[in-house]
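Could you have a look at this structure, given as structure tokens, before my questions?
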Amino acid sequence: PSPAPSQPSRVPHNPIFVQQLTTHGRIPPKFTIRCFPICRTALMALSFAQQQFEAKLNVALERVRVVLDINRNPRLAKDAHHRYGDKYLLAEGMTNTAAASQTNCLMEFLDLTQERLRTLEQWSESSAVSLRFVFQEKCDFDRTEKRDVESPTKHVTEASLGGIVQASLTSKVVTTIEEFFWKCNFSYEIVAIRGVGQELADRLRLTSRSGCVELKTSSKVCPRALVPETAFEVNISWLVKQLDTQSLTPRFHIDREHSKCHTPRRNGDVDAAAQHFGNFMGWATNVASCLAKLFQLRADPSVPARAPEQPNTLFIPVLPLLEEHAESLEDLPASASAAAAEAPEEGTLARLSPASVPVDSTMLAVADMNRLLAEEARSLRARKAVHEQTFPTSAACAGSSAEAVLMEVLRHCAGVCDQWKQALDYIEGMLRAQLIAAIGKEVSPADFAQYMRFHNTKLFVDAFAPSPFCYAVRRSDKHSPEGTVSLEEEVVGPGGDSNIAAPIVTLAAQATKPQPMEFSLSASVRVRFNGERHLHAWLSHQFSGQAGAKLSLVSRARQFSSMLVLVGRIASATVFEPKYAAIVQNKDELTIPLDLSTIPTAQEFKDAIEALSPEQQAFAKAFRSMQLESTLFGVLVIQIKPQLEKVLNLPDNSLTKEIKLTQDLMQLFIQYQIPSDLLSFDPSAAAAAVEDPIDDAASVSDAFEVVGNSAASAAAAPSAAKAPSALEAVRGHTRAMLKMIDEAKKNELDGRRREAQYEVQTERLAPWGPLGRPSASPPPPPPPTAGTPAWWQGMAQGGPPMPMPVVMSAFAAPGGPPSPRPPPPPQRQQQQPPPPPWRQQQQ
């Protein structure tokens, strides 16, 4: 709600950030704001690519200054002072220049005349127009030839008689070589087609060539692999629609009023152009690679293949250049500048129109951009002349100058498409850098959330302003808080004031008269609860391509305080479905990570189920209704002290200052699982104690020992005996229960101690084998002490044990073994007689 509903608030259009609000049914638990998709790794790669592109632009800028007049001063776009609209004009100018460059290449080197271009324009009104490249190659065996090859080395043998040569014999080696000849036929063509080109009238041949090459091998193995017909196709409908076939001027324009137009790069018109240039670049690259295979067809395999190289001397006119106009340009009449723009440059067919550039912009003049197109055409013709002198011009041979020129033109077209893409990215990167320079830092989701909090302070009144999700858990304003419950967001990535988790800011609404809700503990137990109820809506800020916010539910309890935290979903207006629960007490801090997920919006859901069957649509709608009703996240906080007072039948606020009693009760309930009936106050028993007072002091002592009073105080005032208070009764029950637990612990410890002693004695007697004989390797006995009998010393030195009668007589004889330890004091519960002396000595 706005403080002034009668005045609609206006949000200024921001070309960088795009808001996309996603609502989930009736209650919008989460919104999403998506911004331009750039992550940190992509930024580093983009920065490196921009540095390389700027280095290439600086080289091209020197060429531009040579082509243009000496009084012109073109600069890179980032170095020239300009306005935001000039970026749109620059994107339009570079797109029109790239389209004109493509048109000139197709018309001049692919025989696409103006009449054929009009035919393509007519086709594009009702069908798609494409360029199709078809390449065929077939290699067949022709003949076998044998020839003799004489060795260049001669061997001379002389016959002499008496030292005089009488005769000489000359010989040499002749090798017969068998050679195999193959006929390799090739053909290719580039055809403009309408639709799929099924009919003859739907095809328009632009260029074609065929030939035959004779190949020679030394074995009867085909030198060329069997290649089926190769075809590459690209849709050029966008290019044909952008051209005015009468004046051959491109007319690309960006619709800035469209709702999806965000920046000069991020809009629907540029996206369509990017798709065309990307497809054409791939088609040109594939065709050039296929033509390069023809240069490998040579009659003599010993001669290395020679293909045209891809030089960097060709000029590309697609450049992001701006110019701050001098006074000489302002003094130039408009009619003179228009005439200069309309006058076609020599050797150019397609050119830019003067109406595409406003007079007051910092764009290069149309005449200057047409000069750059003419320079491009001149450099292509120069390369064509070089190829005609380098490669053969015979129509029958493969790898002639025709293929070399076509490869050069196609590679150049691919380079124009690639540079156009880099130039548009350069504008987007320049815009981003200028925005960062204006703000002074790179905006992160945390910074944007901080800005939204600042914006909300001006947009909302105090009663409806978003507030941090952090609540103190307390019984009333008169009680100190038991702890806090908060939803905290951790900063993901750099940005923000700090990386410390902070509570999220939500729009909250509090129910004035909430109806009771309930949740299930088991299949047979349901709990109904009331209390304060808050509904929250959270607006999450996230950049696409980056991780979302990390949320955590944090519960903190103070010392000697406790509360129960349940986490789950709101299934309906009266049902809460808890999934997890935890008791937080005594300075505990419970942190539960939350993983959020989004569901489709109503429009997205409607579009998705439109193509489904009726049964599938019905199931999808039923499942979505379940999602809308049971995906609302809920947190229930239950204070334990008020519930203890109700369970134990105590008055309200009875346990507020009873810290020790509360801790003992928590220990009994949580650790020992004591039923509440054994500790609660029974009003009926207290009333019966008042009606039937206790007579004798002993009975009074026994009765008041349960509730914790001393027998002396009961004997001092037996006649004043009355029913104890509820708090004292519970304290007495608690004390008696703890006393009983302590006695049980003591008995258990005594039993464990006796078990340990028995195990020790068993280990001592274990080395002795059967029949009183020592085992193979008994452990060394302890050294004898003064007063030890001789038979015991003999046993200690390794002798056989004495028979039992001798041992019994030794115990009974005077001066026998040392007196045993005194028996332990008798226990209260069990009065056992002390064991006999011989048993004590054995122990």
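The values are calculated or read from the model by the stated rules, or taken from the named source; none is laboratory data. If you're wondering where the values come from, they're calculated on a predicted model, not measured in any experiment. We place every Cβ from the backbone using ideal geometry, glycine too, and count neighbours over all the protein chains shown. For the accessible areas, the whole protein counts, side chains as well, though only heavy atoms, and no ligand, DNA or RNA atoms are used. Shrake-Rupley method; radii C 1.70, N 1.55, O 1.52, S 1.80 Å.
With +1 on the Cβ of every Lys and Arg and -1 on the Cβ of every Asp and Glu, and nothing else charged, how large is the dipole of segment 209-262 about its Cα centre, in debye rounded to the nearest 20?
260
While we're on this one: Spin-label point model (7 Å from Cα, Cβ direction): what's the L596 to S572 distance in nm?
That separation, rounded to one decimal, is 2.8 nm.
If you don't mind, another one. Contour minus end-to-end for K587 and A501, with contour as 0.36 nm per residue of separation and end-to-end as the Cα-Cα distance?
Gain on extension, K587 to A501, equals 29.1 nm.
Using the basic label-point model (7 angstrom from Cα toward the beta carbon), what is the N286 to F464 distance in nanometres?
Taking the simple label geometry, N286 and F464 are separated by 5.8 nm.
Calculate the FRET efficiency for S684 and V760 from the Cβ-Cβ distance with a Förster distance of 60 Å, rounded to the nearest 0.05.
Efficiency computed from Cβ-Cβ geometry: 0.65.
Something else about it: Taking a virtual spin label 7 Å from the Cα of S126 along the C-beta vector, which residues in segment 232-259 bring their backbone nitrogen under 18 Å of it?
Those under the cut-off are 237, 241.
Right, something else. Among 645-651, 279-285, what's the highest-first ranking by average C-beta atoms within 10 angstrom per residue?
Descending mean neighbour count gives 279-285, 645-651.
Here is a further query. Of the listed peptides 501-510, 400-409, what is their order by residue-averaged count of other C-beta atoms within 10 Å, with the highest listed first?
Ranked by mean Cβ neighbours within 10 Å, highest first: 400-409, 501-510.
When N is the residue count of segment 102-216, what does its C-alpha Rg come to as a fraction of 2.2 N^0.38 Å?
Dividing the Cα radius of gyration by 2.2 N^0.38 Å gives 2.34.
Hey, with R₀ at 51 Å, roughly what FRET efficiency would Y580 and S394 work out to, going by the Cβ-Cβ distance, to 0.05?
Efficiency at R0 = 51 Å is approximately 0.05.
Something else: If R0 is 30 Å, what FRET efficiency do you get for R63 and E324 from their C-beta distance, rounded to 0.05?
That pair, R63 with E324, gives E of 0.90.
Multiply the residue gap between A274 and R143 by 0.36 nm, knock off their C-alpha separation, and tell me the result in nm, one decimal place.
41.9 nm
Using a cut-off of under 18 Å, list every residue of segment 258-286 whose amide N is near the label point 7 Å from the Cα of A231 along the Cα-to-beta-carbon line.
283-284, 286
Assign unit charges at the C-beta atoms only (+1 for Lys and Arg, -1 for Asp and Glu), then state the dipole size of segment 545-683 relative to its Cα centre in Debye, rounded to the nearest 20.
380
So for the pair V527, F619, with labels modelled 7 Å out along Cα→Cβ, what separation do we get in nm?
About 3.7 nm separates the two model spin labels.
I'd like to check one number: the per residue accessible area of segment 430-509, probe 1.4 Å, reported in Å² as a whole number.
Value for segment 430-509: 58 Å² per residue.
Putting +1 on Lys and Arg Cβ atoms and -1 on Asp and Glu Cβ atoms, find which of Q419, V405, A438 reaches farthest to the positive end of the dipole of segment 393-441.
Going by the charge dipole, the pick is A438.
Next up: Considering only protein heavy atoms, with the full assembly of protein chains and a 1.4 angstrom probe, order K260, K87 by accessible area, largest first.
Result, largest first: K260, K87.
Here's something else I'd like to know. Just how large is the dipole of segment 466-579 about the Cα centre, in debye to the nearest 20, putting +1 at every Lys and Arg Cβ and -1 at every Asp and Glu Cβ?
480
Fully extended, how many nm does the chain gain between M626 and M452 (0.36 nm per residue separation, minus their Cα-Cα distance)?
Computed gain between M626 and M452 is 59.4 nm.
Using only Cα atoms, figure out Rg for segment 381-457 and give it as a multiple of 2.2 N^0.38 Å.
Here the answer is 2.26, to two decimals.
Quick one, can you get me the convex hull of the C-alpha atoms of segment 391-521 expressed as volume per residue in Å³?
With only Cα atoms used, segment 391-521 gives 326 Å³ per residue.
Across bins of 5 angstrom width beginning at 0, how are the C-alpha pair distances of segment 468-621 distributed, in whole percent?
Result, from short to long distances: 2, 7, 12, 15, 17, 15, 13, 9, 6, 3, 1, 1, 0 percent.
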